[in-house]
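First comes the structure, then the notes that go with it.
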Amino acid sequence: MDWKGSKESADAWHMTDNLHAEQGKGDPFAAAIRATRMSMIITDPRQPDNPIVFANDAFLKLIGYERDEVMGRNCRFLQGPNTDPSSVDRIRVAVEDGTDVSIDILNYRKDGSTFWNALYISPVFNDKGELQFFFASQLNVSDRKRSADRIAADKDRFEKAVKERTAELEAALEAKTTLLHEVDHRVKNNLQMISSLIIMQRRTIKDEAIRASLTTMLERIEALSTVHRRLYQSKDVSRFDVADFAKDLVTDLLAASGRAEIEPALELEPIIIPAEKATPVALMVNELVTNALKHAFKGRPDGTTGGRIGIKMNQPDSHFNIEVSDNGVGMDSATGDASFGMRLIKSLARQLHADIEWRDAAPGTRVVISMPNETRQKGSFS
Amino acid sequence: MTAPLKVLIVEDEALLAMELESLVEEAGHSVVGWATSASEAKTMADSVEADIAFVDIHLSDGPSGVDVAEYIGRKNSSMVVFMTANPKRIPDHFAGAVGVIAKPYTMNGLMSSLRYLQECIRRPPPVSTRPAGFTLSPLFEETLVSAA
Ligand SMILES: Nc1ncnc2c1ncn2[C@@H]1O[C@H](COP(=O)(O)OP(=O)(O)O)[C@@H](O)[C@H]1O
Ligand SMILES: [Mg+2]
């Protein structure tokens, strides 16, 4: 039987509670409402202050009052100091408008303890559309609320922790970047000072051999300087473009030698190597180019001193190749095993796991270097 | 021969200033002053005439080289060229400077830069190629292109 659509007047409910057990028992629907574990009440908006006219046992059990303590009272006695006034407002508006409302509200038991009430109130109208009653059900959702609160608190705490950690990391990164710039600045300034010291010293020296030796030293330092200048000019300080470096180096060495009759021939593919390889590669290229400049174009029978110095760079597979060639007088394959320049080149090649070979280019010399390049295999150019 | 240049050096590191002075003089130009701080540099810029001021960014009174460049730029008396190991400190608009020689420069790099600058000042546009360690400010690069 549909109690809402019942022929009996809705007043029957009013009676039900005052009814004595017998009549209630005769109505299975009323009996169900009385016995259900779901807390339910009915209020009568037609009476002053919308009092409770029916309350089931579950309701009384939930709030800890006796039936005679609640009957005829407005529900507001369930509110307390921590009940959210805006929730109360929403209920008030729904009751005034005769609409339904579903809300979680903090309610108080008789003993003063609180519980979260998932309250649902809906109006009951008669056939003429007149408001008869409000039907309200209550569900204790304190547990759900508590875990929701805990999740929210956990989330807040977690977000706060992440934020703090991010700030820490950002600060650490910034400190590291500042430090890197500072160190970079000092390294560059110190390299400049070393060059300056050598140049100043060289000015005071008359002996040609000693001057030449200081010049070689200056060239080596300046090769390192060029590496550092290039390394920190780029955005990524962990990568180094050897081709760009070689171009700078050859141009610089040729201009410094003042030998306009020697022409550079550059065939350079961009080759990116890890920063830690930059210095040995640069030093090696510097030795080979200065050797060609110094030795390849002197002692020709016809007395000419002109020619071409070539640098080729490419990376056909996971290796990269550097070739330094000249079309000068060529060199005796036995030469220079004990000389410092030659030993330096060979040691650097060993450090880099590079194969190095001097070939007779007839005319001139072709030095071919081939070395593994890990940047390719790692595949990260970022 | 084109007329030699008068150079003002703004550099807090004595060794570098000393060496720069020697190189400038070896190249046939003259050094008209050496300042180690921004305040010294500004006073000097007011009292001496220079064609070029080589200005380090880090001076004895802090990273004030950009200030110096702006000051000299406002007077419009000399071309400013930054000379720094910290080119990232230079603002995008170059604070009125025409370019930057990045440290560490090579001896030849500096000599070539001097030659290039002399051509820029005495009979633009320059005929020699721009040396590797020398970067032009975008504005000055435009000026050179339109002079060509
Ligand atoms: N490209 C070259 N052409 C001709 N001879 C060369 C060339 N490279 C090296 N040599 C010879 O090998 C020798 C050893 O070179 P190196 O060890 O660099 O010593 P250094 O350059 O100090 O003489 C040189 O003295 C020169 O005789
Ligand atoms: Mg050698």
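Where a ≥ b ≥ c are the square roots of the eigenvalues of the C-alpha gyration tensor, would you call chain B rounded, which needs a/c under 1.5, or, failing that, prolate if a/b is larger than b/c, or oblate?
Details: a/c = 1.36, a/b = 1.21, b/c = 1.12.
Cα axes put chain B in the rounded bin.
What translational D, rounded to a whole number of µm²/s, comes out for the protein assembly as shown from Stokes-Einstein when the hydrodynamic radius is the Kirkwood one over Cα pairs, at 10 °C and 1.306 mPa s? Please report the intermediate quantities before stating the final value.
On the way: Rh = 31.0 Å.
Rounded to a whole number, D works out at 51 µm²/s.
Computed 3J(HN,Hα) for region A:65-81, one whole-Hz value per residue from the Karplus formula 6.51 cos²θ - 1.76 cosθ + 1.60 where θ = phi - 60°, is 9, 7, 4, 5, 7, 10, 4, x, 9, 6, 5, 5, 5, 7, 7, x, x, glycine and proline marked x. As an exercise, use a Förster radius of 56 Å and the Cβ-Cβ distance of B:Ser37 and A:Ile210 to find the FRET efficiency, rounded to the nearest 0.05. The calculated FRET efficiency here is 0.90.
Rounded to the nearest 0.05, the FRET efficiency derived from the C-beta distance between A:Ala171 and B:Lys88 at R0 = 22 Å is 0.65.
Over the protein assembly as shown, what is the percentage of antiparallel beta bridges among all DSSP beta bridges, to the nearest 5? Bridges in the protein assembly as shown that DSSP calls antiparallel: roughly 70 percent. The simple spin-label model puts a point 7 Å past each Cα toward its Cβ; for A:Ser339 and A:Arg259 those points are separated by 1.3 nm.
For the pair A and B, the buried accessible area comes to roughly 2300 Å² in total, with a 1.4 Å probe and the value rounded to the nearest 100. Accessible surface area normalised per residue over region A:237-377 is 48 Å², counting heavy atoms of protein chains with a 1.4 Å rolling probe. Looking at region B:1-99, which GluC sites (Glu not before Pro) are in a loop (DSSP not H, G, I, E or B) and have at most 13 other Cβ atoms within 10 Å? For GluC sites (Glu not before Pro) across region B:1-99 that sit outside H, G, I, E and B with at most 13 neighbouring Cβ atoms in 10 Å, the list reads B:Glu49. For region A:115-234, the solvent-accessible area works out to 61 Å² per residue, with a probe of 1.4 Å and every protein chain left in place. For region A:166-188, heavy-atom accessible area (probe 1.4 Å) falls by no less than 50 Å² from the chain alone to the full protein assembly at A:His185, A:Lys188. Burial here means at least 50 square angstrom less accessible surface with every protein chain in place than with the chain by itself, probed at 1.4 Å; in region B:90-137 the buried residues are B:Pro104, B:Thr106, B:Met107, B:Asn108, B:Ala132.
For chain A, which DSSP H helices look membrane-span-like by this rule: Cα extent along the axis of 15 Å or more and mean Kyte-Doolittle of at least -1.0? Kindly include the intermediate steps, with their values, before the conclusion.
Details: long enough: A:85-97 (18 Å, -0.29); A:142-203 (90 Å, -0.79); A:208-233 (36 Å, -0.17); A:242-257 (22 Å, 0.87); A:275-291 (25 Å, 0.39); A:340-351 (16 Å, 0.08).
The qualifying helices are A:85-97, A:142-203, A:208-233, A:242-257, A:275-291, A:340-351.
Exposure check, 1.4 Å probe, all protein chains in place: A:Tyr232 carries approximately 50 Å² of accessible surface.
Over the protein assembly as shown, what percent of the accessible surface lies on carbon and sulfur atoms, probe 1.4 Å?
On the way: 14980 of 27850 Å².
Accessible surface attributable to carbon and sulfur in the protein assembly as shown totals 54 percent.
A Förster radius of 35 Å, combined with the Cβ-Cβ distance separating A:Gln351 from A:His181, puts the computed FRET efficiency at roughly 0.80.
The values are calculated or read from the model by the stated rules, or taken from the named source; none is laboratory data. Because the structure is predicted, anything quoted here is derived from the model rather than measured. Using ideal geometry, Cβ is built from the backbone for each residue, glycine included, and neighbour counts are taken over all protein chains shown. The accessibility values were calculated without ligands, DNA or RNA, using every heavy atom of the protein model including side chains. Shrake-Rupley method; radii C 1.70, N 1.55, O 1.52, S 1.80 Å.
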